[in-house]
Amino acid sequence: MCGLAGFTGKSDEIEINRMLKSILYRGPDDNGKYIEKNEINLCHTRLSIIDLVSGKQPMEISQCIIIFNGEIYNYLEINEDLKAKGYKLKTKSDTETILLSYICYGEDFLKKLNGMFSIVIYDKRKKKLFIANDQFGIKPLYYSIINGELFFSSSLISLIENKSYKKKLNLKALSEIIQFRYSLNGNVILKNVEKIKPGELLIWDNNQ
């Protein structure tokens, strides 16, 4: 598994380093950061499986940046479609496949993907952030709006350790977990923290 985290808005080196440290256990092979001043702050820890050399993240192509956790089963098939459209792939990583699919197909890129994944793409051209989960929600991704900005992570620890987050239990979710061992609606046990739902695409517009 890999780990990913980040937040929109004002650049904060201390905060992104803290978030990176909180997900290091998820990816022992490599880690990286991407900061676009006062727009987006991203970090990623990698467990290398495909393309051990050139699949480093965050990955940027044509002013679009991706961090990704999971596996795309049909990436070789998608690569052939992309090549037919004139795209030249520089790696053997399914990460590049996802990002080129977004550049080629826009928001419809998710329809091309067969796999288990949580994906974060920031488009500097549009100043938009896209966060998506696979149809079964296998790879969890949590988010919270803190002081008017979007914070997200593969790990709840990254969010609840934020100095501005006020820790409160979601009593409804807690009650459901005690009764049924899971939340009926997928609610998170912490208040003001949400989980990207299976098949969901969240779009954050920095212009607004």
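The values are calculated or read from the model by the stated rules, or taken from the named source; none is laboratory data. As the structure is a prediction and not an experimental result, all values here were calculated from the model. As a convention, Cβ positions derive from the backbone with ideal geometry for all residues, glycine included, and neighbour counts pool all protein chains shown. Surface accessibility is based on the protein's heavy atoms, side chains included, excluding ligands, DNA and RNA. Shrake-Rupley method; radii C 1.70, N 1.55, O 1.52, S 1.80 Å.
Figures for the structure shown
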| read-out | value |
| --- | --- |
| FRET E, pair LEU24, GLU149, Förster distance 25 Å, beta-carbon r, rounded to 0.05 | 0.60 |
| Estimated FRET transfer efficiency (TYR105, GLU39; beta-carbon r; R0 25 Å; 0.05) | 0.60 |
| Backbone HN-Hα couplings from phi across region 192-201 [Karplus 6.51/-1.76/1.60, Hz, Gly and Pro as x] | 6, 10, 10, 10, 4, 7, x, x, 8, 10 |
| Three-way shape call for region 118-180 based on the alpha-carbon gyration tensor, with the a/c threshold at 1.5 | oblate |
| Given LYS10/LYS128; LYS90/LYS127; LYS139/LYS195; LYS166/LYS191; LYS111/LYS197; LYS92/LYS126, the pairs whose alpha carbons are separated by over 18 Å | LYS90/LYS127; LYS92/LYS126 |
| Carbon + sulfur, % of accessible area of region 12-171 - ligands and nucleic acids excluded, 1.4 Å | 52 |
| Simple label model, 7 Å out from Cα along Cβ direction - LEU171 to TYR87, nm | 4.9 |
| Which label in (i) 32, 18, 16; (ii) 28, 19, 16; (iii) 44, 18, 17 gives the computed semi-axes √(5λ) of the Cα gyration tensor in Å | (ii) |
| Relative contact order, percent, the chain [alpha-carbon distance under 8 Å, six or more residues apart] | 19 |
| Within the chain, helix-based [θ] at 222 nm, where runs of 4 or more DSSP H residues each add -39,500 (n - 2.57), nearest 500 | -6500 deg cm²/dmol |
| Vicinal HN-Hα couplings computed from phi for region 72-79 (Karplus, 6.51 cos²θ - 1.76 cosθ + 1.60; Hz; Gly/Pro x) | 9, 5, 9, 5, 5, 5, 5, 4 |
